[in-house]
Amino acid sequence: MSIFAKRTLPLAITFVFGFFMVVDFFFSTPASAIAANVNRAFVVVANFAVITAIGTVTLMHIRKIQKKEEWYNSLALLAVLYLTIAIGWSSASDPTYLWWFNNLFVPLETTVFCLLAFYISSASYRVFKARSKEAALLLISAVLVMWGRAPISAVISEGFAAIADWMMAVPNTAGMRGIVIGIGIGVISIGIRTLLGIERGHLGGKGE
Amino acid sequence: MLRSGAGSSFLFLTIFCVILVAVVLLVRRGAFTPKIRRLSQLDAIAELVGRATEMGKPIHFMPGSGGLTGGDVAPQTIAGLSILGYTSELCAKYGSKMFVTIRVAETQALARDIVQQAYMAAGKPEAFDPNQIIYVAPTSQSYTAGVLGLMNREKIAANIMVGAIWAESIMFSEEAATLGAMQLGGTAHTHQLPFMLACCDYSLIGEELFAAGAYVSKDPLQLAAVVGQDMCKLAAIALIAIGVLATLVGSPSLLDLLKW
């Protein structure tokens, strides 16, 4: 593929479409209609990307089945994937599809999400070890905040809640605001770099 | 016509653009050589890849679980993809195996292209395997389940998660820690930063993520943009100080300007 198709064209498209989006954000002009169309075009492109992604997933798992590498998992995945597409093909509000979605997909997602509690517990156990001054500081502040948030602390003294509130409102907020301001400026910076074609890492190569 | 309440944002964005472009132009004309501080987290990528190569185990890379839309998500995905290119090239050079897991479909094509170009740049196009870029699932927990399974089956030695990350951050990093993998995490989502700091060996905090692409590319123009970004940060600090002083003396002028 030529440099024009690989670099110049994507950068030009990014600049032109990005320009319309920025103008639409600040000004109410006829360009707003163009920005709305750009958004619609992106939805179409994203949906085609889903089709190609499903295609690559299918090919990858067919290869796995052929090579007999954990073929049963691949077979199950393909079967469920295409069965879901078939059931929901006519409409996403089809009763059979909704039953399938609410009774199979939602409980499975919820189950995986519930694992989060165990992962947080094990991470907390590992991180709350006072191995250094910083870790000790983290441990003390975390214990104070957790204790202040627990209902039992209020039974003993109202002061614990006040300490927890102060820690969240003053040192925590001060640190977080510093990070958030840095992030905000960073987001604007990378946006401008991308629009102007200075940032090219996402296009592959060394950015030359 | 300027939208109501957008005046100050537009003014500050214009000033930001002028500073950034001015610094980039100065560097292009050779007025000065931009330098940014060392980011040991990014230097550690070579260590992560090297360790995985020595152990003969693969690397897991996740360019965030966001896509290319959204004001705060897209920039993080772009930063993650920039680091993916650098990591892929190291993997190609060392002959390490890497899995890139994708949650949002439109990112897959970009990731595949980036990894393929990295293998070509390293002079090993034949070593590129398209199956190493895996579109797992579009929803958060399905994606998490798929990646946790992959990590366990492949017994990864390194885990790199850079980009827009939500609840999956702690699940992946804890699972990788259980497997004894070295980890690099980076996100601009403040609610996930504590988990990254707690579980990863190296963490890119907030704005460091957005400087990562420039740092690994070593491109003077990109580095110049980061220098311009730092200047804007100094301007923001000055503005905060002026705002505090103005409020203390009872002047609402800056607040009025921000509401414009």
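Per-structure values
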item: Qualifying residue in region B:198-217 (condition: part of a helix (DSSP H, G or I), closer than 19 Å to B:H60 by Cβ, at pLDDT 95 or above and of a type outside the set (S, T, N, Q)); result: no
item: Residue list for region B:50-88, restricted to those being over 22 Å from A:G182 (Cα atoms) and surrounded by 24 or more Cβ atoms within 10 Å (Cβ to Cβ); result: B:A52, B:I59, B:H60, B:F61, B:M62, B:L84, B:G85, B:T87, B:S88
item: Flag if B:Q229 is assigned to a helix (DSSP H, G or I) and polar (S, T, N, Q); result: yes
item: Number of the condition not met by B:V162 [criteria: (1) of a type in the set (A, V, I, L, M); (2) within 11 Å of chain A (Cβ to nearest Cβ); (3) in contact (Cβ under 8 Å) with a residue 40 or more places away in the chain]; result: (2)
item: Residue in region A:11-18 that is within 25 Å of the chain's Cα centre (by Cα) and free of Cβ contacts under 8 Å to residues at least 40 places away in the same chain present; result: yes
item: Residues (open to solvent by less than 30 Å² (accessible area, probe 1.4 Å), without any contact (Cβ under 8 Å) to a residue 40 or more places away in the chain and aliphatic (A, V, I, L, M)) located in region B:199-242; result: B:A236
item: Residue among A:N103, A:N47 that is facing chain B (nearest Cβ under 10 Å) and free of Cβ contacts under 8 Å to residues at least 40 places away in the same chain; result: A:N47
item: Number of positions in region B:245-254 that are open to solvent by 80 Å² or more (accessible area, probe 1.4 Å) and part of a helix (DSSP H, G or I); result: 3
item: Boolean, A:S153 is of a type in the set (S, T, Y), open to solvent by 60 Å² or more (accessible area, probe 1.4 Å) and modelled with pLDDT of 90 or more; result: no
item: Residue check for B:E106: of a type in the set (D, E) and more than 30 Å from A:I54 (Cα to Cα); result: no
item: When residues of region B:1-47 are limited to those that are facing chain A (nearest Cβ under 10 Å) and among the small types (G, A, S), the one surrounded by the fewest Cβ atoms within 10 Å (Cβ to Cβ); result: B:S4
item: Residue match in region B:101-119 (condition: touching a Lys or Arg at 6+ places or on another chain (Cβ under 8 Å), more than 8 Å from every other protein chain (Cβ to nearest Cβ) and either within 19 Å of B:A52 (Cα to Cα) or aliphatic (A, V, I, L, M) (or both)); result: no
item: Matching residues, region B:135-148, being more than 7 Å from chain A (Cβ to nearest Cβ) and either open to solvent by 50 Å² or more (accessible area, probe 1.4 Å) or part of a strand (DSSP E or B) (or both); result: B:P138
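Quick grid of which residues meet (1) under 28 Å from A:F15 (Cα atoms); (2) part of a helix (DSSP H, G or I); (3) open to solvent by 30 Å² or more (accessible area, probe 1.4 Å):
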{"position": "A:A174", "(1), (2), (3)": "no, yes, yes"}
{"position": "A:V180", "(1), (2), (3)": "yes, yes, yes"}
{"position": "A:I183", "(1), (2), (3)": "yes, yes, no"}
{"position": "A:I188", "(1), (2), (3)": "yes, yes, yes"}
{"position": "A:I192", "(1), (2), (3)": "yes, yes, no"}
{"position": "A:I198", "(1), (2), (3)": "yes, no, no"}
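The values are calculated or read from the model by the stated rules, or taken from the named source; none is laboratory data. All values reported here derive from a predicted model rather than from experimental measurement. Virtual Cβ from ideal backbone geometry, glycine too; neighbours counted across all protein chains shown. When the accessible area is computed, the model is the full protein with side chains, heavy atoms only, and any ligands, DNA or RNA have been set aside. Shrake-Rupley method; radii C 1.70, N 1.55, O 1.52, S 1.80 Å.
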